[in-house]
Amino acid sequence: MPEVRVESLKKSFGSELVIDNVTFTAHDGMFTTILGPSGSGKTTVLRCIAGLEEPDEGEIWIGENLVFSSTEKVSVPPENRGIGMVFQSYAIWPHMTVFDNVAYPLQVRNMPKNEIEKRVKASLELVGLQGLEMRPAPNLSGGQQQRVALARALVYEPKVLLLDEPLSNLDNRLRERMRTELKELQRTIKVTTIYVTHDRLEAMALSDEVALMRRGRIAATGKPDDLYNNPPNRFVAGFLCRMNIFLGKQTDNTRKDLTQIDTTIGSLYCKVPEALKGESEVMVSIRRNEISIAREKASGENVLTGVVKNRLFEGDYVEYHVEVGKDIVKVRDGGPQTTLEKNEKVYLSLPPENCYVIEKAEALAVE
Ligand code: ADP
Ligand code: MG
């Protein structure tokens, strides 16, 4: 299966630049996800790859084939790009049966009837819809309609599968099940897949690689666990990891290999990466589950006092929103007896090894 390579893509709608120099590669046979907030340009990138939208600048390669180039004046029509696509809305035809919906892409390609029957059967089996060939499309559940859309995208054995938020119209339980099935299916047929979603958990659960988008640009690319464990910038820390992030100024005070940083929630000793040692203003980020919360003052570095403003019981853990100075620190406590009450005074410990110092870069803030 080919890789998909997008080079320096630009696209404006009117005066609005919505894709700003996007470069990334979806590797051969891998599951790559474009993750980003609504409006960040994910769908536009996917439509450019499919050939449904014409970029202003840049190149798109599918394997050895240049399918779009602004300088070479190349623009291969969608039907010749070897792509299968599934949309959020499913876009299946209500007046047709399951069979006719799935057979459609083959019928328009004038494939012989017996070959069509064979392929439709195989495709429906892949998505677990065997036996439902004659069912009219409106008599299907949401999950089944989604499977029909998937079977239709796979029926002419595309080399690349593009999926635009395909699970977002399903209820939670079904979404989780389809997530697992989709991943297994992709692993089985090894089709190079580009998946678009705004859902960070979905992206992490499904993907071999993630490209994070923010305001028309790629903010980071990498394996989900690498990005999650070592957020390379403020956007990844905020959007993907949902970390607490505070502005701070580095001081000259050091203790062993830790530097004191005066942040908006108080003074914190942190390990500053080499590249940020000269920066006066930085951001300090920390995960919700790496802060400990208690009624009694703890010993050690980076202990702050605050007041509980909110307590959210989430089953596996309790999330506390604690006011520290003018800021809110979010803390997840998975302890067995977390009974802190609203308005109670508490102590927070932020272990230095869990405080990540990152670049201030306004351009990478999470809206
Ligand atoms: P996402 O899929 O990440 O939510 P989109 O790619 O759909 O983002 O949209 C990115 C930006 O481009 C948005 O500001 C959106 O309003 C704008 N946009 C998308 N399609 C069109 C269009 N056909 N005409 C004008 N503006 C568009
Ligand atoms: Mg979209």
*What is the number of the single condition among (1) open to solvent by 40 Å² or more (accessible area, probe 1.4 Å); (2) under 27 Å from ARG109 (Cα atoms) that ASP56 does not meet?*
(2)
*asked:* Being open to solvent by less than 10 Å² (accessible area, probe 1.4 Å), away from ligand 2 (no atom under 16 Å from the Cβ), in the same structural domain as VAL191 (by TED's automatic domain parsing) and touching a residue at least 24 places away in the same chain (Cβ under 8 Å): is that true of ILE49 here?
replied: no
*Take ILE194 and decide whether it is surrounded by 18 or more Cβ atoms within 10 Å (Cβ to Cβ), within 20 Å of VAL86 (Cβ to Cβ) and in the same structural domain as SER40 (by TED's automatic domain parsing).*
yes
*Pairs where the first residue, in the stretch 226-254, is touching a residue at least 40 places away in the same chain (Cβ under 8 Å) and in the same structural domain as GLU279 (by TED's automatic domain parsing) and the second is polar (S, T, N, Q) and open to solvent by 60 Å² or more (accessible area, probe 1.4 Å), C-beta under 6 Å, 6+ apart*: PHE246/THR264; LEU247/THR264
*Given (1) surrounded by 14 or more Cβ atoms within 10 Å (Cβ to Cβ); (2) of a type outside the set (A, V, I, L, M); (3) assigned to a strand (DSSP E or B), where does ASN310 come up short, assuming only one miss?*
(1)
*So GLU165 fits all but one of (1) more than 16 Å from ligand 1 (Cβ to nearest atom); (2) among the acidic types (Asp, Glu); (3) touching a helix residue (DSSP H, G or I) at 6+ places or on another chain (Cβ under 9 Å); what number is the exception?*
(1)
_Residue in the stretch 284-300 that is nearest to the chain's Cα centre (by Cα), counting only those that are farther than 17 Å from GLU353 by Cβ and not in a loop (DSSP other than H, G, I, E, B)_ = ILE293
*Do we find a residue being modelled with pLDDT of 95 or more, within 16 Å of ligand 2 (Cβ to nearest atom) and of a type in the set (A, V, I, L, M, F, W, C) anywhere in the stretch 56-71?*
no
*Given the conditions (1) touching a helix residue (DSSP H, G or I) at 6+ places or on another chain (Cβ under 8 Å); (2) closer than 30 Å to VAL366 by Cα; (3) within 16 Å of ligand 2 (Cβ to nearest atom), report the number of the one that ALA91 does not fulfil.*
(2)
*Tell me, please, whether a residue that is open to solvent by less than 10 Å² (accessible area, probe 1.4 Å) and more than 13 Å from ligand 2 (Cβ to nearest atom) can be found in the stretch 15-22.*
yes
*For residues in the stretch 164-223 being touching a Gly at 6+ places or on another chain (Cβ under 7 Å) and basic (Lys, Arg), which is farthest from ligand 2 (Cβ to nearest atom)?*
LYS190
*Wholly within the stretch 166-257, which helices (runs of 4 or more DSSP H) include no fewer than the required count, namely at least 1 residues that are modelled with pLDDT under 90?*
172-189
_Just to verify a result, which residue in the stretch 323-367, among those that are open to solvent by 60 Å² or more (accessible area, probe 1.4 Å) and among the hydroxyl-bearing types (Ser, Thr, Tyr), is farthest from GLU290 (Cα to Cα)?_
THR339
*Quick one: would you say VAL284 is open to solvent by 20 Å² or more (accessible area, probe 1.4 Å), out of contact with any helix residue (DSSP H, G or I) (no Cβ under 9 Å at 6 or more places or on another chain), touching a residue at least 24 places away in the same chain (Cβ under 8 Å) and among the hydrophobic types (A, V, I, L, M, F, W, C)?*
no
_Near pairs, Cβ below 7 angstrom, 6+ apart or cross-chain, from the stretch 31-44 (of a type in the set (Gly, Ala, Ser)) to any residue that is near ligand 1 (Cβ under 6 Å from one of its atoms)_ = GLY36/LYS42; GLY41/VAL18
*Looking at the stretch 106-114, is at least one residue touching a residue at least 24 places away in the same chain (Cβ under 8 Å) and assigned to a strand (DSSP E or B)?*
no
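The values are calculated or read from the model by the stated rules, or taken from the named source; none is laboratory data. A quick note: this is a predicted structure, and the numbers were derived from the prediction, not measured. Here Cβ is always computed from backbone atoms with ideal geometry, including for glycine, and neighbour counts include all displayed protein chains. Note: accessible area is taken over every heavy atom of the protein model, side chains too, but ligands, DNA and RNA are not part of it. Shrake-Rupley method; radii C 1.70, N 1.55, O 1.52, S 1.80 Å.
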